[in-house]
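Below is one structure, written out as structure tokens; the observations come after it.
Please treat every number below as a calculation from the coordinates, not as lab data. The structure displayed is predicted, hence computed values, not measured ones. Cβ placement follows ideal geometry from the backbone for every residue including glycine, while neighbour counts extend to all protein chains displayed.
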Amino acid sequence: MSQRIKGLFLKATKLNHLSTIVELYTQQHGRASFIFSRASKKNTSFLFQPFHFIEFSCSYNNEKKINRGSKPELIFPIIDIISDIRKTGYALLLTEILNKVIHKEDKNEVFFLALKKMILSFEEQHFNSVFGVFFLKELLIYFGIQPINNYSSKSPFFLVSEGRFSSESDPSLVDNFPYNSFHQLLGTNIDNIFSFKINTVNRRLIMELLLRYMFYYDLINADKLNSIKILQSIYD
């Protein structure tokens, strides 16, 4: 029986001049692969882009490696993200990260809805460079490795190996690491992130920490992120 499936774009591979295989993180089935006909709709290729949420028809069978999808359409329009090169850069990198950390078995409707809320807010609000580090911080929650925000005068340093603040400094972090800004970021939510400010140098340091933290817990290898240079150019 055909159903309407909602999914976030992760990756597209052109199979031939008529078909495209698309990896999506779906609300109903977690990560799954679908094949779409490129001839059925002229703007099909435009639909499958970073930060696009797509709804489509499919007679889904979880025993199949690839299911056939049809009648795809955007759930909500993405205009600012594709017209603002800064937002486009974030969408490219963060989608690449999602593609690497989300696996076939990772079905989590709460996570799906959280991603939808963050991306919709990113589309609607004025650009803020802090969104990139905020997005990564939020991912940690849903993969069970959320840092403990116990920052205090007695525990002013963050230890990657423990995922918490400590009285002992982490030798892998620079002496001028912005611990207080990182502490504030950990306590920030999507409703106030777009007014939250962190300077360029500190954002870069926090981004490096978050990627290192994700690598430490075997979530991702930052060296294999092709879009990281794009984001770094945005920081500059």
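Which of the residues that make up segment 56-84 are basic (Lys, Arg), in contact with a strand residue (DSSP E or B) (Cβ under 7 Å, 6 or more places away or on another chain) and not in a strand (DSSP E or B)?
Correct list: Lys65 only.
On the given criteria, is Ser129 within 27 Å of Arg164 (Cα to Cα), among the small types (Gly, Ala, Ser) and more than 12 Å from the chain's Cα centre (by Cα)?
Answer is yes for this residue.
List the residue pairs whose Cβ atoms are under 6 Å apart, where the first residue sits in segment 1-23 and is under 15 Å from Asn61 (Cα atoms), the second is of a type in the set (Gly, Ala, Ser) and loosely packed, with under 13 Cβ neighbours inside 10 Å, and the two are 6 or more positions apart or on different chains.
Ser2/Ser59
Residues being exposed (fewer than 15 other Cβ atoms within 10 Å of the Cβ), over 15 Å from the mean Cα position of the chain (by Cα) and of a type outside the set (Asp, Glu): count how many of those fall in segment 87-119.
Residues that pass the stated criteria total 1.
For the list (1) loosely packed, with under 15 Cβ neighbours inside 10 Å; (2) in contact (Cβ under 8 Å) with a residue 60 or more places away in the chain, I need the number of the one condition that Asn61 fails.
(2)
Does Phe158 qualify as being in contact with a strand residue (DSSP E or B) (Cβ under 9 Å, 6 or more places away or on another chain), under 15 Å from Asn202 (Cβ atoms) and in a strand (DSSP E or B)?
Judged against the criteria, Phe158 is a match.
Before we move on, is Leu159 within 25 Å of Thr95 (Cα to Cα) and surrounded by 14 or more Cβ atoms within 10 Å (Cβ to Cβ)?
No; evaluated as a whole, the condition is false for this residue.
Cβ contacts < 8 Å: first residue polar (S, T, N, Q), restricted to segment 199-212; second residue part of a helix (DSSP H, G or I), any location; separation 6+ or different chain. Result?
Listed pairs, sorted by first residue: Thr200/Tyr235; Asn202/Ser181.
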